[in-house]
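J.: Quick one: structure below, then a few questions.
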Amino acid sequence: KAGVTQTPRYLIKTRGQQVTLSCSPISGHRSVSWYQQTPGQGLQFLFEYFSETQRNKGNFPGRFSGRQFSNSRSEMNVSTLELGDSALYLCASSLAGALTSYNEQFFGPGTRLTVL
Amino acid sequence: AQSVTQLGSHVSVSEGALVLLRCNYSSSVPPYLFWYVQYPNQGLQLLLKYTSAATLVKGINGFEAEFKKSETSFHLTKPSAHMSDAAEYFCAVTGGGGNKLTFGTGTQLKVEL
């Protein structure tokens, strides 16, 4: 079974631009979560999508947004890029589950975004 | 709200020595606790998880962790370190449901000959 795939793996943008990152979950997984990893702030939860609906959100500005398609693939978008958005963006997928249970998450290799 | 604290951002051990990585948690609800490992330029791999079953949890690659409620700890151990264990290790917690993981700041493990 193929794992979580993220594209592109590396990306270089300049301040003010916008960027879209893609995540394809493991087949059959319906939940996709996004995390930002930086040396200063560590690993931080961005948001989770389940059945095309955002069901949990971290503490990030509105410039960070996401969506999920009917095939469970997800994209996240960052508008008006800032230098501080340089980070490794990780996507994780898991099986469907109620909000009262935990479902093991499987992480992709990440997209390394550099903002110049 | 949940949080985890990892003591020691860098730990160095000799090959064959005991590995002990420390994690303390804070949670207002019964927590689910995890240890992940990250190798350079890779994503996170789950080592083991505690989900309120057995307090001693065995994971992959010879790692294990013990959930101690009285100490609010979930330390990761391995009896004998191998060079391939050199990586960054993250403790994480979730509680109250859902898939939102809150991570610790990570511990970089160095294994020396």
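The values are calculated or read from the model by the stated rules, or taken from the named source; none is laboratory data. Note that the coordinates shown come from a computational prediction; the quantities given were computed from them, not determined experimentally. A quick note on method: Cβ atoms are made from the backbone with ideal geometry, for glycine too, and the neighbour counts reach across all protein chains shown. Note: accessible area is taken over every heavy atom of the protein model, side chains too, but ligands, DNA and RNA are not part of it. Shrake-Rupley method; radii C 1.70, N 1.55, O 1.52, S 1.80 Å.
J.: Only residues that are within 14 Å of another protein chain (Cβ to nearest Cβ), open to solvent by less than 40 Å² (accessible area, probe 1.4 Å) and among the β-branched types (Val, Ile, Thr): list them for the range B:104-113, please.
T.: B:Thr107
J.: Considering only residues of the range A:94-110 that are closer than 16 Å to A:Ser51 by Cα and open to solvent by 60 Å² or more (accessible area, probe 1.4 Å), which is modelled with the lowest pLDDT?
T.: This residue is A:Leu99.
J.: Further question on the same structure: For the range B:14-47, enumerate the residues that are surrounded by fewer than 19 Cβ atoms within 10 Å (Cβ to Cβ) and in a strand (DSSP E or B).
T.: Those that are surrounded by fewer than 19 Cβ atoms within 10 Å (Cβ to Cβ) and in a strand (DSSP E or B): B:Ser14, B:Leu20, B:Arg22, B:Asn24, B:Ser26, B:Ser27, B:Gln45, B:Leu46.
J.: Whether any residue in the range A:42-55 is under 14 Å from A:Leu81 (Cβ atoms), surrounded by fewer than 21 Cβ atoms within 10 Å (Cβ to Cβ) and touching a strand residue (DSSP E or B) at 6+ places or on another chain (Cβ under 6 Å) is what I want to check.
T.: Checked the range A:42-55: no residue is under 14 Å from A:Leu81 (Cβ atoms), surrounded by fewer than 21 Cβ atoms within 10 Å (Cβ to Cβ) and touching a strand residue (DSSP E or B) at 6+ places or on another chain (Cβ under 6 Å).
J.: Please determine whether any residue of the range A:76-83 is modelled with pLDDT of 95 or more and within 14 Å of chain B (Cβ to nearest Cβ).
T.: No, the range A:76-83 has no match at all.
J.: Hey, another quick one. Just to check your reading of the model, which residue among A:Arg73, A:Arg9 is away from every other protein chain (no Cβ under 11 Å) and either touching a Pro at 6+ places or on another chain (Cβ under 6 Å) or open to solvent by 50 Å² or more (accessible area, probe 1.4 Å) (or both)?
T.: A:Arg73
J.: Could I ask something else about it? Can you tell me which residues in the range B:1-13 are over 15 Å from B:His82 (Cα atoms) and open to solvent by less than 40 Å² (accessible area, probe 1.4 Å)?
T.: Matches in the range B:1-13: B:Val4, B:Gln6, B:Gly8.
J.: Considering only the range B:67-103, state which residues are open to solvent by 70 Å² or more (accessible area, probe 1.4 Å) and either under 29 Å from A:Ser31 (Cα atoms) or within 14 Å of another protein chain (Cβ to nearest Cβ) (or both).
T.: Correct list: B:Lys100 only.
J.: On the basis of being modelled with pLDDT of 95 or more and either among the β-branched types (Val, Ile, Thr) or open to solvent by less than 60 Å² (accessible area, probe 1.4 Å) (or both), does A:Gly62 make the cut?
T.: no
J.: Any chance the range B:50-64 includes a residue that's free of Cβ contacts under 8 Å to residues at least 24 places away in the same chain, open to solvent by less than 50 Å² (accessible area, probe 1.4 Å) and part of a strand (DSSP E or B)?
T.: Scanning the range B:50-64 turns up at least one residue that is free of Cβ contacts under 8 Å to residues at least 24 places away in the same chain, open to solvent by less than 50 Å² (accessible area, probe 1.4 Å) and part of a strand (DSSP E or B).
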